[in-house]
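Take a look at the structure set out below.
The values are calculated or read from the model by the stated rules, or taken from the named source; none is laboratory data. Only a predicted model underlies this, so the values are computations on that prediction, with no experimental measurement involved. Here the Cβ positions follow ideal geometry from the backbone for every residue, glycine too, while neighbour counts run over all protein chains shown. The protein model used for the area step is the full one, side chains on, heavy atoms only, and it has no ligands, DNA or RNA in it. Shrake-Rupley method; radii C 1.70, N 1.55, O 1.52, S 1.80 Å.
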Amino acid sequence: MLNRRQFLGAAGGLAGAAVAGGGVWAALLRDSVEKSTSPGASTTTTTSTIAATTTTAAPTTTLPSGNRTLVVVQMAGGNDGLNTLIPATGLYRDARPILGIPETDLIEMSKTDYSMHPSLEPLGKWWEIGSMTAVEGVGIPQQSRSHFKSTDTWMAGGPSATSRSGWLGRWMDATQDGDPDPLRAIALAGGGPMLVGESSLATVIQSAEAFQLRTTDSTDAESLIAAFLATASPVSSDPAMAAAQQAIPATVDAVDLLGEVFSESASEGNGRGVSRADPVAAFNAAARIIDLGIGTQVITIGLNGYDTHSNQLARQSELLGTLATGVSGFLDQIEADGHAENVLVITMSEFGRRVGENGSGGTDHGQGGLQFLFGRDVNGWDVHGELDLANLANGDVPTKVDERSVYAEVLDWLGGPTDEILGQSFERIGVLSA
Amino acid sequence: MDKRSEIAWLARRAGWGLAPGELDELTTLGTGAVLDRLVAPDSFGVAPNESPWNGMKFAVDPKGRQRAEENLEALNRWLTHLATSPRPFEDSMAWFWHDHFAVSSAVVNYLPAMVAHLELLQRRALGNFRELIRAVTVDAAMLVFLDGATSTGRSPNENYGRELQELYTLGIGNYTEADVRAAAVALTGYVVRRRDDWKVGFVPQRHDDTPQVLLGVGGVHDVDTVVDTVLDHPAAATRIAGKMAAHFLGNADPALVKELAGVFSDASLESAPLARAVLEAGLAGESVPIVMAPVPWLVQAVRSTSAVIEPRVAVAMLRNMGQMPGQPPNVGGYPGSATWLSSSSTAARFSAAGIIAARTPDEAPVLAAAAGGDWADLADLLMRPDGFSAATRAALSDVAASTGGRPGEGRLAVALSSPDLLIA
């Protein structure tokens, strides 16, 4: 696989550009393409963000939300919220005779009656400094017990399955300035449907392995990648053809900028980098992407396996350990890199699980779930929403908070236009500090 | 468009590309004759379309978990069939219906039932839409996919009742929540007997036969009355005509859709006359360029080049590009062009193009055209008789003929990965 620097070096004359940032080549190409077709057009988003990284005095006229990054962690399968944040009530002990977490193992949380699952221990410090909060009894009206349909509902940000767009894709559409910049939103091993928009583009990465410009052994990679780039310019007057052309420099750019990030983000003991097999790698990659300063505003991370119908104690313990290691490591890294004040992390899972245990040492699909939020802007030391175990809904945790209330605050934090994106105005319950 | 361009357009949009020499043959035949054979193959003695899965043995364990090997074989048979089908438009319409109903093998999780579902779509691809809906409503894969099999009079599941109206026929705004409930109640009682090869049964005790009011029509109580009531609604013809126009033409202009919906209604919801009207509209200039999805892109590239790709490699290509046959990501079907232009899809397409070029046989005409720098011939062989864009021609000219293992191989890879080949 050809490295961009080698390529630019070999091509000659552009080595300086390569040092300034791998995105320059594609940005230049896109810029010239754009100028050739629409002389009056404004600079592309990509160009401006790259310019911002090379300028020390960033313009202060931009919206305060302009350099913020949201990270959404999808816990696919339906996490059992009840065994994640454990309530101090006898009703919990009654409902979970086998799966109940022994009190002596619990991680205490200041200023609340809840305690954490022992595997969440790495998150304790974030709770104690007020950079972590949770929402109980969260769901979307009409969400299904089907993983598939409920996930669609959460990704879309509403009960209609007709819309193929995701709530964050619609935000990107609404806030797009100039050509779509696929690096604004990056999905790492999951969460991609949230990023689907009408006009905006996202970079969807299933695995580091797939995200490469591979050539067969016998061919001259440099020459083929150069030709691939050349097919993108001059740009066609047909919109579909132009879009297909513009995807090429954006891709060469993204592979160049991010290919190494993905492969080098492997967690210890796994050399493969971002993939379903190495969930922590995605958190490492997310922190590096933010530090690259390439204008990425949304990152999704997919974690799998939360569908614990059986053997839940061992499985959930491992899953939550991965989550805690990943999130805590990510938060440590962005603190160290100086980005902590601009980053928000939220989790999501398509539903909670039934309150009662099933006969297989597990729990079945339920309704109201649990969501975490991390970052300096969260309203910490408090668990929001309500876990009402005294009034179950058909044996499930009742849904007390519409997830779109949380989405609304997150979209406000990103700079909106929130109500337009969600189709209506949702109550803000104060999970974030205004 | 001249005759050759028209036939190439039909091959790209309504077929699965053409093998070397076929464009010459069909151009001799003429556009009208080609269209007739695509839409009404029975009338021209075209060999019947066989199921890609004919004779496939399913060794399924009692728990119904599909096995990886069988899944791979089924996918390979499907892709091979598409690249060689005697009735490409039937398969094209079957693919359209697959996208429309969006039943996913990941949800059904039982390969024989998924295959039976796809065979149903293939058999009825150009048939009557009312009959198609009736068959799909009580199809085992669909009953599992949208929970009909667990919907009882005591506890009706609204999943299918909703999607039948929202996605499969009328579109949002043409029905109410009460209509969703009414359809759900009337459709209760079906079961899928998983221990008996997923045979579909009807259990009267699980059915609520109370007459329902659906879309303002009373007396609705079973599959036939639900299907008839929904399909008698004028929005059904409009929605299907619009979706077909968008799929094949990239153009759902309201005036065009209205005209096509009229054709569909007048033909009592027969799909063939609608499909013919859609393609005729395309040939008459109602078509706009569209971004091809990975499956047709790959199949057409394989057909043009005669490349031989191992099943595992083909499946990896499609997974990396983001479209797995038989696995639409959600009930809305496969995503639109933005997804195929994503960076991961684009990178995967570039990588796939290199592999296809490398697996193209020595004697393939595309390789000779690429080696000789005959860009007009290369474009024509790749179903673009109007030639490549200036950008792609210039890019190809910068690649030395010797780049790649054999003469022309590198150039063929660039042509396959070019935007020209992504646009149909």
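Give a residue-ordered list of calculated ³J(HN,Hα) values for the range B:228-240 (Karplus: 6.51 cos²θ - 1.76 cosθ + 1.60, θ = phi - 60°; whole Hz; x for Gly, Pro). Taking θ as phi minus 60°, the curve returns 5, 4, 5, 7, 6, 6, x, 5, 5, 4, 5, 5, 5 Hz for the range B:228-240.
Give the A-B buried accessible area in Å², both sides summed, 1.4 Å probe, nearest 100. Can you show the working numbers first?
Working: alone 18150 and 17310 Å², together 31730 Å².
Counting both chains, the buried surface is close to 3700 Å².
Highest GNM mean-square fluctuation, chain B, Cα pairs closer than 10 Å: which of B:237, B:284, B:261? Its mean-square fluctuation being the largest, the pick is B:284. In terms of the mean number of neighbouring beta-carbon atoms within 10 Å, the peptides A:417-424, A:293-300, A:138-145 order highest first as A:293-300, A:138-145, A:417-424. Taken per residue, the accessible surface of chain B reaches 36 Å², heavy atoms only and a 1.4 Å probe.
Restricting to the protein assembly as shown, compute how many DSSP beta bridges are antiparallel as a %, nearest 5. The partial results should precede the final answer.
Details: 24 of 48 bridges.
Once the DSSP bridges in the protein assembly as shown are tallied, antiparallel ones form about 50 percent.
Local charge sum around residue A:427 (other residues, Cβ-Cβ under 13 Å, Lys/Arg +1, Asp/Glu -1)?
Numbers: positive: A:400, A:404, A:428; negative: A:402, A:403, A:409, A:412, A:419.
Summing Lys and Arg as +1 and Asp and Glu as -1 gives -2.
In terms of the Cα gyration tensor, with a ≥ b ≥ c the square roots of its eigenvalues, is the range A:310-402 rounded because a/c is under 1.5, prolate because a/b exceeds b/c, or oblate?
Details: a/c = 3.53, a/b = 1.62, b/c = 2.18.
Note, shape of the range A:310-402 comes out oblate.
For the protein assembly as shown, the convex hull drawn through the C-alpha positions has a volume of 167 cubic angstrom per residue. The Cα atoms of the range B:1-55 give a gyration tensor whose axes a ≥ b ≥ c have a/c of 1.5 or more with a/b greater than b/c, which makes the shape prolate. The share of accessible area on the range A:151-272 that comes from carbon and sulfur is 48 percent, using a 1.4 angstrom probe. When nucleic acids and ligands are ignored and a 1.4 Å probe is applied, residue B:78 ends up with an accessible area of around 30 Å².
Using Cα pairs closer than 8 Å and at least 6 residues apart in sequence, work out the relative contact order for chain B, in percent. Could the numbers behind the result be given before it?
Working: 660 pairs, mean separation 70.0, N = 424.
Here the relative contact order equals 17 percent.
Using a Gaussian network model of chain B in which every pair of alpha carbons under 10 angstrom is joined by a spring, one finds that among B:326, B:15, B:201 the greatest mean-square fluctuation is at B:201. Helical runs assigned H by DSSP (4 residues or longer) give the protein assembly as shown a calculated mean residue ellipticity at 222 nm of -13500 deg cm²/dmol, each run adding -39500 (n - 2.57) before division by the residue total. Beyond 43 Å, what share of the Cα-Cα pairs of chain B is found? Please give it as a whole percent. Percent of Cα pairs beyond 43 Å in chain B: 15. Near residue B:30: Cβ cut-off under 10 Å, other residues only, Lys/Arg at +1 and Asp/Glu at -1. The net charge is -1.
Which value, in debye to the nearest 20, describes the size of the charge dipole of chain B about its Cα centre when Lys and Arg Cβ atoms bear +1, Asp and Glu Cβ atoms bear -1, and nothing else is charged? Numbers along the way, then the final one.
Values: 36 positive and 48 negative charges, 214 e Å.
The dipole of chain B has a size of about 1020 debye.
Each Lys and Arg Cβ is given +1 and each Asp and Glu Cβ -1; about its Cα centre, the protein assembly as shown then shows a dipole of about 960 debye. The accessible-area loss of the range A:214-241 on complex formation, taken against its chain alone with a 1.4 Å probe, reaches 50 Å² or more at A:214, A:216, A:224, A:228, A:231, A:240, A:241. A Förster radius of 41 Å, combined with the Cβ-Cβ distance separating residue A:341 from residue A:424, puts the computed FRET efficiency at roughly 0.85. Quick one: grab the alpha carbon gyration tensor of the range A:177-225, order the square roots of its eigenvalues as a ≥ b ≥ c, and give me rounded if a/c is under 1.5, else prolate or oblate depending on whether a/b is larger than b/c. Because a/c hits 1.5 or more and a/b fails to exceed b/c, the range A:177-225 counts as oblate.
Note on the range A:141-269: dipole from Cβ charges, positive end direction compared against A:150, A:248, A:167; the farthest Cα belongs to A:150. Note on A:186-197: average number of Cβ atoms from other chains within 10 Å of each residue's Cβ is 2.
Principal axis extents of the Cα atoms in the range A:274-336, from largest to smallest and rounded to whole angstrom, are 43, 19, 17.
If one computes P(r) from the Cα atoms of the range B:243-384, what percent of pairs lie at distances over 25 Å? Working shown, then result.
On the way: 4435 of 10011 pairs.
Counting pairs separated by more than 25 Å, the tail of P(r) holds 44 percent.
Which percent of the accessible heavy-atom area of the range B:294-422 goes to carbon and sulfur, probe 1.4 angstrom? Intermediate results must be reported in sequence, preceding the final value.
Working: 1960 of 3650 Å².
C and S fraction of accessible area: 54 percent.
Label separation (residue B:69 vs residue B:150): 3.2 nm, computed from points 7 Å beyond Cα along the C-beta direction.
Extension gain for the segment residue B:123 to residue B:172, taken as residue separation times 0.36 nm less the Cα-Cα distance, is 14.8 nm to one decimal. Normalised by 2.2 N^0.38 Å, with N the number of residues, the alpha-carbon radius of gyration of the range B:1-99 equals 1.32.
If you count, for every residue in B:357-368, the Cβ atoms of partner chains within 10 Å of its Cβ, what is the mean? Show your work: numbers first, answer last.
Details: counts 4, 5, 1, 0, 0, 0, 0, 0, 0, 0, 0, 0.
Averaged over the peptide's residues, the number is 1.
Which of these, B:409, B:280, B:363, has the largest mean-square fluctuation under a Gaussian network model of chain B (Cα springs below 10 Å)? Its mean-square fluctuation being the largest, the pick is B:363.
Using the Cβ-Cβ distance between residue A:177 and residue A:291 with R0 = 22 Å, the FRET efficiency computed as 1/(1 + (r/R0)^6) comes to roughly 0.45.
Fully extending the segment from residue B:209 to residue B:266 would add 17.3 nm, taking 0.36 nm per residue of separation and subtracting the current Cα-Cα distance.
Accessible area per residue of the range A:281-341 at 1.4 Å probe, in Å²? Don't jump to the answer; show the numbers that get you there.
Values: 2010 Å² over 61 residues.
Here the per-residue accessible area is 33 Å².
Overall, the range B:294-422 carries a charge dipole of about 440 debye about its Cα centre when +1 sits on the Cβ of Lys and Arg and -1 on the Cβ of Asp and Glu, all other atoms neutral.
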